[in-house]
Amino acid sequence: MVLDALTFQAVDGSSLPWLLIRRRVLSNVSGLRIVPIRCLTSGANAGGANSTHDSQINHDQNKSTPNNELDQYDIAIVGGGMVGMAFACALRSIPLTKHLNYAIWQSNVRTMGRFGDDDDAPSFFVSAIIINCLSLLVDVGAWEYVLQHRHSFFDKMQVWDYTGLGYTKYCARDVGRDILGCVVENKVIHKALFSSLEMKLWSTFSKGTWQAMRLLDEGSASLRKQSKIHSVQLKTIHPSRLTSMDLQSKKSTVKLDLTDGNAIYAKLVVGADGARSRVRDLAGFKTTGWSYKQNAVICTVEHAVENYCAWQRFLPNGPIALLPIGDKFSNIVWTMSPNESTERTSMSENDFVKAVNHALNDGYGPHPSSSFLGYNPGDSSWEVPPRVVKLVSDRMAFPLSLLHAKDYALDHVVLIGDAAHSVHPLAGQGVNLGFGDALALAKVIADGVGLGAELGELSVLKKYEAERKPANTMMAAILDGFQKAYSVDLGPLNVLRAAGFHMAQHISPLKKSIISYATGEQKWPLFG
Amino acid sequence: MASKSWKLRRLLNPNRTNPLNFSISRPSRSLRTKRSFASAPQSAPSDPSRVLPPPPPQLLNRPSQEAASSGPGVARGRISSSLNESELKKFSAIAETWWDSEGPYKPLHSMNPTRVAFIRSALCRHFGKDLSSARPLEGLKIVDVGCGGGILSEPLARMGAIVTGVDAIDKNIKIARLHAESDPVTSSIEYCCTTAEKLVEDQRAFDVVIALEIIEHVADPAEFCKSLADLTDANGATLISTINRSMRSYATAIVAAEYILNWLPKGTHEWSRFLTPEELVLILNRASISVQEMAGFVYNPLTGRWTLSDDLSVNFIAFGTKSSR
């Protein structure tokens, strides 16, 4: 049984471990979490009726101008990162939800300063968008923008380990496709989604003069008479950070309090505010998770030649991944112990480049053998990864952890993306899972609107949870199991992993199944 | 489908040798009414006769004269032919729980999206409305008879309909009003504590008349259907949903739902009051409403969801249009 489980993990895992990614650019680095916690009450938190709560309410009554019609939204999206934006785009692309008006919240204006001109050095925050998530970008009209900016398709991925016992190589051709996915800088994805929402807003947005915005479409219930054309209204809420959320007694709106004493009301609050979600804490969602005691070092490097393959090599202390981002540049995500990460981020650039080449090719065991029991792999033979010639960005290290919310939905509050699940970045699935969430939630809301259900009705939101939670849990478990399988350097285990690689490499239906799972076409690995 | 319409035709044939007896439930009902006045219906669990499900009455073995003589008598003695005192008391006792989706009305809450889906598509087809619109029922005047706490009226209002919700229980209406206030879209619903008969007296008329899960609780289903027909405009539509009087419905709607799963308070339904689809079609036809479409609701215990199906053996809904005479 134990053996079965291990093999299973190795076989499955080998499909995924190609890219490590940093998703969550915005919310992780900045975002709402810096907000001083003044009040941790929420309607969902039943025990909230204490003195702090009461004083907060009094405070609000004194200071704010509640229930101003302008402050009423159908949906408040907290967190304007990639996932939050993707959700807003998805809402607008579905006929039954495009009439909804919503506010997107991104409290930290400095974050916006990141979005410079295109001739910037490539950002090291990149995402590998798998093929079925590309269709989301296409559907919402964000894809054109991505195509006009730096991006890199990859049609191959190669995974191998330091023992030289096994390797797996996937080609898009194996599943009759041209590509497996596309690596795009997060800032490009974000800007693409934003521009498809409303191009004009961008200038205002990037100057940082707004804190919350409101989009109103034709057909919006409140404005139907005035606006025939689809109009955009900006609303400035001063130093607006979320201090508390309060489910109103009538249970149909959530009041969101801001630090300046203002408040807005929304029928549904969508927490897209990243791994350290403020919405999640305020609403009282319970989570499980742990820290891996590993750091990931990320940076951008340059090769002598262009790269069209995603590479990942498993080393004793964690995997190193190389993702093509176009123009001879590649992104590196290198998982290691915290001590090593301090050392590698402080060493000289030349030494670091040497260390990277050592990790990718020069060091550790021999190259895996391409032939297996006399079988000639031909096209899918093992290849040497391209050499790194130069470091072109800063190096940044951040700790890895796994976190999964026990519920995704409470009454009138729902979590998407990293707020609901932050997975090990081993396979770069973070933003893909987040996009999956965003699309699923928008569809579930559309179904609810079609049936005249109340926005934010728990039974509707639970359908989203039922759809996404098993998929996300499965991915998190596979990544976690894979990470664990590689954190042990033990003879028999190494052989097992190698066996897994061989199975994945040489059994064709299995390989297809794994690729379809990793690229999101199939819901379950192996059985789908 | 073919066999169903054949069955209907057979039922509607006046030359049929063994006419269906609609009054079979009446003797037992009047007996039960007396008993429930004697023992308070609210204290149902303490009543030993309620601990076990009541046996299903046997079909077609009651003298029809008895039914014929007692039926009209009962009806005449009341203010309104469709009100049933003991049923009113029963539902008044749990009115507070209408919007508790885990409470006594949990089955209705879980079934509601499926009912709404049927109503929406049937009405869109009949009135030529756009199914893909967020407010497909825009402009339709709808009355929800037996609206309870408003769990159907609110979705209808959100879909753009001009909704009137009526219920004979004052408490229900108060709860429905309170709940609808929270949203400007639903606060436009007109809630009245009244009956279908009273609305007819007031000469009200609607494009659509909907009475869901209510006909099994009224005293005289035929009279009730007549009132519904009178409320329906020419070319209007009538929708009625109820529970079939089948062995399966006895097992699921009464034994399972009330006694095993405790979904519903014991005594919520009396099996003998249930109408079969054929009976419903017949009494609607007599009230000049011709049934165009019927569908069943089937519960999947694994997913906890209801789906529409051809299986009418437990919960079903009928969509009819007013035929001009």
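The values are calculated or read from the model by the stated rules, or taken from the named source; none is laboratory data. Treat the numbers as computed from the prediction; the structure is a model and nothing was measured. Counting neighbours? That spans all protein chains shown, and the Cβs are built from the backbone with ideal geometry, glycine included. Note: accessible area is taken over every heavy atom of the protein model, side chains too, but ligands, DNA and RNA are not part of it. Shrake-Rupley method; radii C 1.70, N 1.55, O 1.52, S 1.80 Å.
Data table
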{"read-out": "From phi via Karplus (6.51, -1.76, 1.60), per-residue ³J(HN,Hα) for segment A:316-331 in Hz, x at Gly/Pro", "value": "x, 9, x, x, 10, 10, 10, 10, x, 10, x, 6, 6, 8, 9, 9"}
{"read-out": "Amide proton proximity set for B:I162, modelled H, under 5 Å, gap of 5+", "value": "B:G139, B:L140, B:K141, B:I142"}
{"read-out": "Calculated diffusion of segment B:232-325, Stokes-Einstein form, Kirkwood radius summed over Cα pairs, 10 °C and 1.306 mPa s, µm²/s", "value": "111"}
{"read-out": "Ranked by how many other beta carbons lie within 10 Å on average, peptides B:138-151, A:267-280, B:197-210 from highest", "value": "A:267-280, B:138-151, B:197-210"}
{"read-out": "10 Å Cβ neighbours from other chains, averaged over peptide B:206-215", "value": "0"}
{"read-out": "Rg to Rh quotient for segment A:254-368, alpha carbon positions, Kirkwood Rh", "value": "1.17"}
{"read-out": "Charge dipole of segment B:72-215 about the Cα centre (unit charges at C-beta), most positive-ward option of B:L199, B:G139, B:H126", "value": "B:H126"}
{"read-out": "Selection of GluC sites (Glu not before Pro), segment A:302-344, meeting DSSP coil and at most 14 other Cβ within 10 Å", "value": "A:E306"}
{"read-out": "Sequence-distant residues sharing a close amide H with B:Q292 (under 5 Å, placed H)", "value": "B:F319, B:G320, B:T321"}
{"read-out": "Calculated FRET efficiency for the pair B:V185/A:S459, C-beta based, R₀ 25 Å, to 0.05", "value": "0.85"}
{"read-out": "Anisotropy class of segment A:384-467 from Cα gyration tensor, a/c 1.5 cut", "value": "prolate"}
{"read-out": "Local electrostatic count at A:P338 - Lys and Arg +1, Asp and Glu -1, tallied over other residues with Cβ under 13 Å", "value": "0"}
{"read-out": "Residues whose placed amide H lies under 5 Å from that of A:K390, excluding near-sequence neighbours", "value": "A:E302"}
{"read-out": "Burial order of peptide ranges B:235-245, A:149-159 (average beta-carbon count within 10 Å, highest first)", "value": "B:235-245, A:149-159"}
{"read-out": "Residue-count net charge about B:F206 - beta-carbon cut-off 9 Å; Lys, Arg +1, Asp, Glu -1", "value": "0"}
{"read-out": "Rg(Cα)/(2.2 N^0.38 Å) for segment B:105-230, N = residue count", "value": "1.00"}
{"read-out": "Peptide B:97-104 - average C-beta neighbours from other chains (10 Å radius)", "value": "1"}
{"read-out": "Listing of segment A:438-470 residues, each with accessible area lower by at least 30 Å² in the full protein assembly than in the chain alone (probe 1.4 Å)", "value": "A:G450, A:L451, A:G452, A:E454, A:K463"}
{"read-out": "Subset of A:K191/A:K255; B:K198/B:K226; A:K156/A:K328; B:K106/B:K171 violating a 21 Å alpha-carbon distance limit", "value": "A:K191/A:K255"}
{"read-out": "³J(HN,Hα) computed for each position of segment A:157-170 - Karplus, 6.51 cos²θ - 1.76 cosθ + 1.60, integer Hz, glycine/proline x", "value": "9, 10, 10, 8, 10, 5, 6, x, 7, x, 8, 9, 10, 10"}
{"read-out": "Rounded Å value of the spacing that divides the Cα centres of segment B:87-120 and segment A:254-311", "value": "39"}
